[in-house]
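The values are calculated or read from the model by the stated rules, or taken from the named source; none is laboratory data. Predicted model, so just to flag it, every value in this text is computed and none were measured. Backbone-built Cβ (ideal geometry, glycine too); neighbour counts: all protein chains shown. In case anyone asks, the SASA skips ligands and DNA or RNA and just uses the protein heavy atoms, side chains included. Shrake-Rupley method; radii C 1.70, N 1.55, O 1.52, S 1.80 Å.
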Amino acid sequence: MQPLDLNAFCGLAGRLVGPEAAGQIAFEPLDAVGDVFEIRDSARGVVIAGTSGPALGMGLHTYLKEVAGLHVSLYGFRLDLKPPLPRPGHTIRRCSWARHRYFLNYCCFSYSLAFWEWAQWERLVDWMVLQGINLPLAITGQEAVWLRVGERLGLPAARMMEFLAGPAYLPFGWMGCLDGWGGPLPREWCADHENLGRAILDRQRSFGMTPVLQGFTGHVPAALAESSSDCGVHRIRWHEWTTFVLDPFDGRFQTVASIYAEEQARMFATDHYYAADTFIEMTPPSGEPGYLAELGQAIYAGLSAADEHAVWILQGWTFMDKRDFWTQPRVEAFLGGVPDDRMVILDLHCDAHPMWDKTKAFAGKPWLWCNVQNFGRNVHMTAALGANNEGLMATRSDVGRGRLEGVGMVNEGLCYNPPAYDFLFEQAWRDHTVDLLDWGRTYARRRYGMKQPDAERAWDLLIPAVYTRFQPDRSEHLRRPSEAVPAVAEPQDGGLEAAWHHLLAAAPDLASSDAYRFDLVNLGRQVLSNRATLLKRDLHRVLGKGCGDVFSAKIGEMEALLFALDELVGTRKEFLLGCCLADARRWGATAVEKDRLEVNARRQITIWGHGDTLRDYARKEWAGLLKTFYAVRWRMFGAAAAAALASGREFDAVEFERGLLEWERSWIAGHETYATEPAGDAVEVSRRLFGRYGRPYAERCADG
């Protein structure tokens, strides 16, 4: 545990509420066992006391939420705190049952954080400590570590740069999934991100967090694998890429692991926690229990040889992804070779597919109840408040739970669902379930600044519709137009249109709230998004029936709907393609570097790789992207299908896909300028689009 730096929290309070209000908030250490905070009155204002930095952060956040009635989130906030400060009137004391509160997925460093600078990171780290997070994944700057490792191994610098992926793909390199894809990196990138990584770690440590650094997984540059006999090297296939992984029994494994740990510690110091996933979505070379036991021991030895206090953080995703391979004897063999107190398992998808109850609680290892929350940072309304309420609390009392020691949010991107974060991390400080509808009303009051009947009614509808259980993204209209909609992917309205109606009705009272405007746009976006996916289903239905005129009319309707979506999300900065591309370009020192970085960003959110298995995986409902990428694809599909219908021949989807991919590659190579500032009034645009699309879909598609 990091020592308390009270000055860091004075700085945090000043950034949040300004120096005048922050001057009336005092921070103090608290003598108690575990993570505990207290909020109490003082002669000068308010005292926040805590046993750790993250406890202090959660205490401050609890004061802002429950006493001052304010709201902090990554999407919309309200922090108008003016002296004299509201007083709690009595001491509020909370203890956390969760030893660990983990945050961040490797993928998030790709889908959300790839091109961030310090100002963006500072805001995120501030938010982390307010959530009481004490175990954040911290892998920014790993590129610089690998360059030092390459030097010590005598590998040519040019070959090392071939090993490092482009910024949008670097985390997949750290997981051993690919080499070099999207590269090369800009000339100054590694040095700049070494400095950025150090700044992030310094701030996290000043808040008392325990950052989780990268551990050596065996993934090595091709230059090293080719330098001698490859008998100790495995070729690993992940989707479209092949990488090289040293067998842990190859003598070079421990050598490279030690060099890696030494260079990382020299550059970033260490807090003894390391994330390492040698086979995250790949199958080990042997399923023999004896081999798997030695494999786990060898990987841990690679971590502990340079740090005798090393704790291995392992994503349990591999046990779910390769469920047929990971039988219980194999799980027990692999995990059994590592001391119990030197490993923590992240049960990544407890919001939908927990693995603790299928692996005998990970064979006795400490584990965390985690939420993936989203894949590829798709723009989608969902949260597993129900699973994190009844499910988590039931698991805590289950005799088979093993060593459940905390919670984690391991989202693939910073999702567009603020309540998901608040609720999960609050659960780390609760010992009982809550009434979700009551929680939603309270959340709405502090988020918008007042008790408003229509807003509360909207949240009464939103909680059961999208915020009770995790639901996969169903934006099928953003996938290739020629792909039919699977029946399981059809969205259900579940009251979203009514919720949009009520939230719009609250505009006279709430329009000045930035958080309200974000929610209004995000809710309208989801309603229109659901319409578009259902319209895609109808398009394929009429195409199959050969109804040319109806098909052409529906293609026009799809284009109009995508343009409407583009206009709606364009009223909010959070949904602008231009911001993503501008963030990417700023890291280039030359025009060539800037253009290459922009291509990197464009490719990731569209075809991802060569255009095969991961195409449209990281799709986004962003202004600019909807109008110039997705709408154009639908126009091309409409023209090709209409021509086939008119000639009486069957539509050739394979030929269409071939031409579409060529066009997508030309879009990726483009450098058109997109807006970096929102346009239009969110309330007025929402009101107009509700008038056009707010009626039940069945009334508008009677000919479906």
## Note on the structure
When the stretch 601-638 is checked residue by residue, the ones that are assigned to a helix (DSSP H, G or I), open to solvent by 10 Å² or more (accessible area, probe 1.4 Å) and either among the β-branched types (Val, Ile, Thr) or more than 26 Å from Val654 (Cβ to Cβ) (or both) are Lys627, Thr628, Val632
### Message
Given the criteria open to solvent by 30 Å² or more (accessible area, probe 1.4 Å), in a helix (DSSP H, G or I), at negative phi and touching a residue at least 60 places away in the same chain (Cβ under 8 Å), does Ala646 qualify?
### Response
yes
## Note on the structure
Those residues of the stretch 649-684 which are surrounded by fewer than 17 Cβ atoms within 10 Å (Cβ to Cβ) and β-branched (Val, Ile, Thr) amount to Val654, Thr673, Thr676
### Message
Given the options Ser529, Ser513, Ser552, name the one that is touching a residue at least 12 places away in the same chain (Cβ under 8 Å) and in contact with a strand residue (DSSP E or B) (Cβ under 9 Å, 6 or more places away or on another chain).
### Response
Ser513
### Query
Only one of (1) open to solvent by 40 Å² or more (accessible area, probe 1.4 Å); (2) farther than 23 Å from Ser206 by Cβ; (3) part of a loop (DSSP other than H, G, I, E, B) is not met by Glu66, so which one is it?
(3)
### Query
Got at least one residue in the stretch 188-197 being under 24 Å from the mean Cα position of the chain (by Cα), more than 30 Å from Phe9 (Cα to Cα), modelled with pLDDT under 95 and open to solvent by 10 Å² or more (accessible area, probe 1.4 Å)?
no
### Task
Collect the residues in the stretch 380-401 that are open to solvent by less than 20 Å² (accessible area, probe 1.4 Å) and in contact with a Leu (Cβ under 9 Å, 6 or more places away or on another chain), keeping them in residue-number order.
Met381, Ala383, Ala384, Leu385, Gly386, Asn388, Asn389, Leu392, Thr395
### Query
Residues Glu426, Glu483, Glu456: which one is acidic (Asp, Glu), over 27 Å from Leu60 (Cβ atoms) and out of contact with any strand residue (DSSP E or B) (no Cβ under 8 Å at 6 or more places or on another chain)?
Glu483
## Note on the structure
Going through (1) in contact with a Cys (Cβ under 9 Å, 6 or more places away or on another chain); (2) closer than 23 Å to Ala21 by Cα one by one, Tyr102 fails only at (2)
### Task
Could you tell me whether Ala560 is open to solvent by 40 Å² or more (accessible area, probe 1.4 Å), modelled with pLDDT of 95 or more and closer than 30 Å to Leu79 by Cα?
no
### Query
Which one of the conditions (1) open to solvent by less than 30 Å² (accessible area, probe 1.4 Å); (2) in contact with a Lys or Arg (Cβ under 7 Å, 6 or more places away or on another chain); (3) over 21 Å from Ser686 (Cβ atoms); (4) of a type outside the set (Asp, Glu) does Ser482 fail to meet, given that it meets all the rest?
(2)
### Query
Given the conditions (1) farther than 24 Å from Asp616 by Cα; (2) open to solvent by 10 Å² or more (accessible area, probe 1.4 Å); (3) in contact with a helix residue (DSSP H, G or I) (Cβ under 7 Å, 6 or more places away or on another chain), and given that Asp357 satisfies all but one, which numbered condition is not satisfied?
(3)
### Task
From (1) over 21 Å from Ile92 (Cβ atoms); (2) touching a residue at least 40 places away in the same chain (Cβ under 8 Å), pick out the condition that doesn't hold for Gly440.
(2)
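Yes/no matrix, rows are residues, columns are (1) modelled with pLDDT of 95 or more; (2) farther than 18 Å from Pro248 by Cα:
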{"position": "Ala298", "(1), (2)": "no, no"}
{"position": "Trp312", "(1), (2)": "yes, no"}
{"position": "Val372", "(1), (2)": "yes, yes"}
{"position": "Ala384", "(1), (2)": "yes, yes"}
{"position": "Ala394", "(1), (2)": "yes, yes"}
